[in-house]
1. For an R0 of 41 angstrom, estimate the FRET efficiency from the Cβ-Cβ distance between TYR26 and ASN434 and round to the nearest 0.05.
2. Whole-Hz ³J(HN,Hα) for each residue in the range 119-131, computed from phi via Karplus 6.51 cos²θ - 1.76 cosθ + 1.60 with θ = phi - 60°, x for glycine and proline: what do you get?
3. Can you list residues whose amide H is under 5 Å from GLU264's amide H, if they're 5+ apart or on another chain and H is modeled 1.01 Å from N?
4. Amide H of GLY78 versus every other amide H placed in the peptide plane: which residues, excluding those fewer than 5 positions away on the same chain, fall under 5 Å?
5. Using a 1.4 angstrom probe on the protein heavy atoms only, line up TYR415, TYR627 by accessible area, largest first.
6. Rounded to whole Å, give me the distance from the Cα center of the range 525-553 to that of the range 144-176.
7. Residues in the range 36-72, backbone N under 13 Å from the label point at HIS100 (7 Å along the Cα-to-beta-carbon vector): list them, ranges by number please.
8. Once phi is turned into θ = phi - 60°, what whole-Hz ³J(HN,Hα) does the Karplus curve with 6.51, -1.76 and 1.60 give for every residue of the range 752-762, x standing for Gly and Pro?
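The values are calculated or read from the model by the stated rules, or taken from the named source; none is laboratory data. In this text the structure is predicted, and so the values were computed from the model without any measurement. Because the Cβ atoms are built from the backbone with ideal geometry, glycine has one as well, and the counts that use them run over all protein chains shown. When the accessible area is computed, the model is the full protein with side chains, heavy atoms only, and any ligands, DNA or RNA have been set aside. Shrake-Rupley method; radii C 1.70, N 1.55, O 1.52, S 1.80 Å.
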Amino acid sequence: MTIYPFAKPGRGFVYPDYDAKYPPSYDYRIKHYKLSLWLDIDDRSINGEAEIDLEITNEQTRWVSFDGMELVVDSVSGRPEVKDWRYDGNKLHIQVADKHPKLLIKYHAKPRKGLYFILPSRAHPNRAPQVWSQGETEHNRYWMPILDHPSIKCTFELIAYVPRGYTVISNGELLSVNNDDKWSVWHWRLDKPCSPYLFSVVVGVFDEIKEMYGKVKLGYYVPRGWKDKAHLSFSKTAKILEFYSNYLDYPYPYSKYDQVVVHEFIFGGMENVTATTLTDLTLHDEKAHMDYSSDPLVAHEAAHQWFGDLVTCKDWSHIWLNESMATLLENLFVRHDKGEQEFIYELIRDMDDYLNEYRDRYARPIVMRIYKYSNELFDSHSYPKGGLILNMLRSLLGEETFRKGLNKFLKKFEYGVADTEDFRKTMEEVSGKNLEWFFEQFFYNSGHPALKVEEEWKDESKKLLIRIKQVQGDDSLNTYILPLKIHIKIGETIKEHTIDLNEREAVYVFDLDARPDYVCVDPFFEVFKTIEYQRTAEQWAKILLSDKHVYCKVLAARALGSIGDLRAVEALSQAMLKDDFWGVAAEAAKALGEARTEIAREALLSALSSIKHPKVRRAICDALGNYRDDKVCDALKKVLAEVDESYYVRQSAAISLGKMRREEVYEYLLKFINEPSHNYAITIGVLRGLAEIGDERCLKTILEHSYEDKPTIVRSAAIMSLGKFPGRREVIKVLQDYSRDENYRVRQAVVAACKELMAPEVIPILEKMAENDLMEMVRRSARDAAEKIRKNLEKGVEYKALRDEIERIREENRRLVERISLLGRVPEHKG
Ligand SMILES: [Zn+2]
């Protein structure tokens, strides 16, 4: 038994009505599940016949139960004949006669979720219909009676009857396609055991592209008309599978791998065994390819074929075993494909994502039993935080040992399930190390270490003192054990030291030959933590401009952005222009936006004419949104009008133009509202820009783009923008209407807008959604938003007013700092 002398259960994740969920025990197992499915696409309905090959594992068992939500069960029969059955709307109970019953369940349904019918709409009148399933977490039970838990593993067979002209994609091998007068009959079979949430069916009219990776058949299915662009999204698939096969020393486990692109998908992608489903938002043209890539999504879902599909988490509380692992592997592919700098920058942005969730919403242990909906666990704790912790484990054990551990884990649990302890023990076996301290700190407790570093140089004794304090708050452990590398830079040499921090505060003394230039703690960002230093702009500038490590340079850029004095701006400008990695250049640009000084603005403006990298240009345009004058306005207008710019650079320009809050900008932005672009990036940029201007005309245009005749992604952006229109009754009314919209993304946008409005009037809307929404994730985010608004109101905070006030003070402060630093350094910077 694990003892928690200092357990940190988190903050803000658990509501009073939540309780612990434990994995169920089953006295029977499914050996094989065969589903015949007739799809009436226009009617959005199905008829099904499930043949279930069952084995009773407990002599005493007479009744078996299956999950099945909102089905109409027509009959249950079997061999031997079933004695009795009853269905209560969410469970089907069957009395069986012997140990190896073969059951036949006939049913029909009009699924509200789990199986989605995408028919032509006002926005897309000519789109060919599609049907696709989304099982994870517990939604396949809405279209088939099944034991719907990840701990179940069985083989699966699907015979789908669809109107002629449609293609059906499912798990495993396609055995046959037969056409009669009425139906096209597609027979798929997966011979490897798999968890039911990974069963999949997709029906549609597709262009197909086939290729081989060794003996594995690869298939890419895209909506008609996308065939010649599909390679932009999928050309790296074979390279990705090969990389994982080598890295894990475990070949791709199945005989084929299909990726199917569908409309209106509710996630980015879903790793159904051998048949990944992906959102059509990932398709793009050559111009979008300048700064948009499907590789991370493709790599993430492919990684799941090992972690998630081959080995599945035993229970949702261990979902990190699927998601953190896929996040890390996706990042390791980035390293393999694009190099170390891109990899480290991915880690840094993962940290940003986690910290956003931690600061804005909640902290929880990664392994979490207390929840209401299993979907709630799919958050920035399960993905980026867990990925960073696994990366830390990789550094701690060494890459070779870590890889051996992953390989052993896969071999031990292949086609089965595993939990966190299984993983820990496997890693302990291969490394010979005890890892309880590590798992306890990072998987079983909430929060993270927050370090504060102070340096002191003793010139007489030539000693460097480094004081490291752990300053993390109450939702994190009081003291973490952290192995840390320290780089001390003196001239051209770097001295590397390793320390084991295990106190709340510790001082390390180093004897050196000369005064060091600077010190970097954890230069490779191997340790999961935040870090702060007491440093001057001069010291940070030296790091930004001369260090080799992306992590150190990004910390420097961010620190310099908040210092914002002349030296800071000068260093940032130089890094923006000269750094060989776009990530550092983009961070420098962003920091110049934060600095909000005239010199910073000039630097950004002039960089716009020399810097070509679209991701840096995007950061520059974003940063210029913090400045309001004619020159900035003209420059942004030029960018928005330039057809050779990337779509996303133009989007940023449109948003920043809106932030100028000028009358004339309205007309200008409007000229580009129908500009063709990837995923309506420019249209959305214009809408967001209009929201920044915030007047009546803007509101009218935004509302027009929220209507049903617009594509989902545009509607969502328009509705989210309503959050920028406080105190208007018509906005509240519209949000109320859209809170019942059929489209899940629209309802999510309503929650986001309400959250931004922070007004008491939206609380009833949110409360209703928290209670009734069809999708669990919407219920949760609506509840969080309502809670947050209520708390703010209690504090008597006029949220928006406060925010504006802070903004104003910050700006004044920057100007002051700049003036002072200018005075101090006039001779150097006159010309
Ligand atoms: Zn995933």
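1. Details: r = 34 Å, r/R0 = 0.82.
That pair, TYR26 with ASN434, gives E of 0.75.
2. Here the 3J(HN,Hα) series is 9, x, 10, 4, 6, 9, x, 9, 6, 5, x, 9, 10 Hz.
3. For GLU264, the qualifying residues are ASP280.
4. Counting only residues 5 or more places away or on other chains, the set is LEU104.
5. Descending order: TYR415, TYR627.
6. 52
7. Within reach of a label on HIS100: 53-56.
8. 3J(HN,Hα) across the range 752-762, in whole Hz: 4, 5, 4, 4, 6, 5, 6, 9, x, 5, 8.
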